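The structure under discussion appears below in the form of structure tokens.
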Amino acid sequence: MTLELFDIESLDLEARGVARRDGKVVFVEGALPGEKVMASVVKRKSSFDTARLERIVKPSSQRVEPACPYFGVCGGCAMQHLDAAAQVAIKQRVLEDSLWHIGRLRPAMVLAPLHGPTWGYRYRARLSVRAVRKKGGVLVGFRERRGSYVADMKQCLVLPRHVSDMLLPLRALIGALAQPERIPQIEVAVGDTTTVLLLRHLEALTDNDIRLLREFGEQYNVTWWLQSKGPETVHPLQPSDVDKLAYSLPEFGLRMPYRPTDFTQVNHPINRVLISKALTLLDVQASDRVADLFCGLGNFTLPLATRASNVVGIEGSAALTERALEAARQHGLDQRTSFTTLNLFEVDVQWLRDLGYFDRILIDPPREGAEAVARALAALGPAERPKRIVYVSCSPATLARDSGILVHEGGYRMRSAGVVNMFPHTGHVESIAVFDAA
């Protein structure tokens, strides 16, 4: 093993230090920008090398001691060794670099980052389960950072405390079931008044298994849901629990029911901040007609309906649009909202014209982005364009691509952009951008 000295220039989205040697990129896991480190190359490829950190010669002033004893082994976090404020600054840089290198854009104004809690924020999680005879039982937790093994973790600081405290009891519970080796995962969904544990089981549960689940649920105040095969088999252990899971949006007086397999934001506190900020940036007026594209459960649609004259929510999942409409009815907003199920990856400008004029449009797509929507908006004539577009993104690369389409092909002006710290201690970058019609 040969040790080499590397100067770390930056950080990639997997939180690996980026160095250069003879013009070739070298990724050094565990190293931070500004550091000098000794590392050994462990993998060589034509375009880059990967190296293992052996010793820090000159540490970064932003390096901190990771709070979690499993950091570096568990794959749940990648940046605990970096100061929380520095994490956000790096994500802001990633956003700005993506906008420039991919979209050839610089926002007229960089928004202040949106912050929330940095610990205990993960209200959704998929915990892997593995029966490990050699370790004398069952492991429940996130997968290891490099590999398919389940990390041997007894707590998790990014999960809510009550969920973290259940990790060891869950090990004992699964170990007591008839076939623990046929339980691959447990999904966690934390609502305002209940916590759901969705048990994936590959074999039928016995009567004793059901009894153990009920006893655990009573002891730890959780609601069990079960999944034996595909998504269509998901159901609550107790039928009366079907509508208990929900999150609230107090600023708008809303309660949003959902199912444990529905998409919701992982970080409920920052989701509330994000909704408030998005509506402020959209500058909705009482007479406005607004479109919410990729609307999901109506996370933005229903708050918008408390401010605008009419809101149209469009989403690819029929189950989500049905739930959004039901929530609108429960809040008396169904006269101001309508929901449509449609594949937004295959739309064009004529589809958009057929919907009629919108004063404002909010776009909140998955990682694939909203290229077809952006091209449809770019093809509108000057009089047809919405006054303002707010784009909420979970991928800087696709945001940059779609922003380039809106600005360079559609003539919109990028008014502002900034990051949302939805996933502290990870490389995930959530962002928001604002466009005005020229």
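Brief remarks on what is shown
- Each 10 Å bin from zero up to the one holding the largest Cα-Cα distance in segment 350-402 carries the following percent of pairs: 24, 54, 22, 0.
- Debye-formula intensities of segment 293-436, expressed as log10 I(q)/I(0) at q = 0.10, 0.15, 0.20 Å⁻¹, are -0.33, -0.76, -1.30 (one equal scatterer per alpha-carbon, no solvent).
- Glu65-Ala383 FRET efficiency (beta carbon distance; Förster radius 60 Å; 0.05 resolution): 0.55
- When Met256, Met422 are arranged by Cβ crowding within 10 Å, least crowded first, meaning fewest neighbours, the order is Met422, Met256.
- DSSP bridge analysis restricted to the chain gives an antiparallel fraction near 65%, rounded to the nearest 5.
- Each of the peptides 205-217, 162-174, 290-302 was scored by the mean count of other Cβ atoms within 10 Å over its residues; in descending order, highest first, they stand as 290-302, 162-174, 205-217.
- The packing ranking, built from the mean of other Cβ atoms within 10 Å per residue, places the peptides 55-61, 430-436 in the order 430-436, 55-61, highest first.
- Counting only Cβ charges, +1 for Lys and Arg and -1 for Asp and Glu, the dipole size of segment 51-179 around its Cα centre is about 420 debye.
- Whole-number D in µm²/s for segment 4-63 (Stokes-Einstein; Kirkwood sum over Cα pairs; 4 °C, 1.567 mPa s): 118
- As a rough footprinting exposure proxy, the listed residues Glu232, Glu409 were ranked by other beta carbons within 10 Å of their own, and the order from fewest upward is Glu232, Glu409.
- If a spin label sat at a point 7 angstrom from the Cα of Ala246 along the line to its beta carbon, the backbone N atoms of segment 304-333 nearer than 14 Å would be those of 323-333.
- When only the Cβ of Lys, Arg, Asp and Glu is charged (+1, +1, -1, -1), the dipole of segment 124-241 relative to its Cα centre reaches about 700 debye.
- Calculated log10 I(q)/I(0) by the Debye sum over Cα atoms at q = 0.07, 0.08, 0.10, 0.14 Å⁻¹ (choose from [x] -0.45, -0.58, -0.88, -1.33; [y] -0.40, -0.53, -0.81, -1.32; [z] -0.32, -0.43, -0.68, -1.37), label: [y]
- Taken along its three principal axes, the alpha carbon spread of segment 124-241 comes to 40, 31, 27 Å, from the longest extent down to the shortest.
- This model, with +1 at the C-beta of Lys and Arg and -1 at the C-beta of Asp and Glu, gives the chain a dipole about its Cα centre of some 1040 debye.
- The listed peptides 308-321, 327-340, ordered by packing as a protection proxy, come out as 308-321, 327-340 (highest mean of other Cβ atoms within 10 Å first).
- When the charge dipole of segment 124-241 is built from unit charges on Cβ atoms (+1 for Lys and Arg, -1 for Asp and Glu) and taken about the Cα centre, the candidate among Gly137, Ala204, Pro236 whose Cα reaches farthest toward its positive end is Gly137.
- P(r) weight above 14 Å for segment 244-303, C-alpha pairs, percent: 58
None of the figures in this text is laboratory data; all of them are computed from the coordinates on show. The shown structure was predicted, so the numbers you read here are calculated from the model rather than taken from an experiment. FYI the Cβ positions are ideal-geometry reconstructions off the backbone, even for glycines, and counts take in every protein chain you see.
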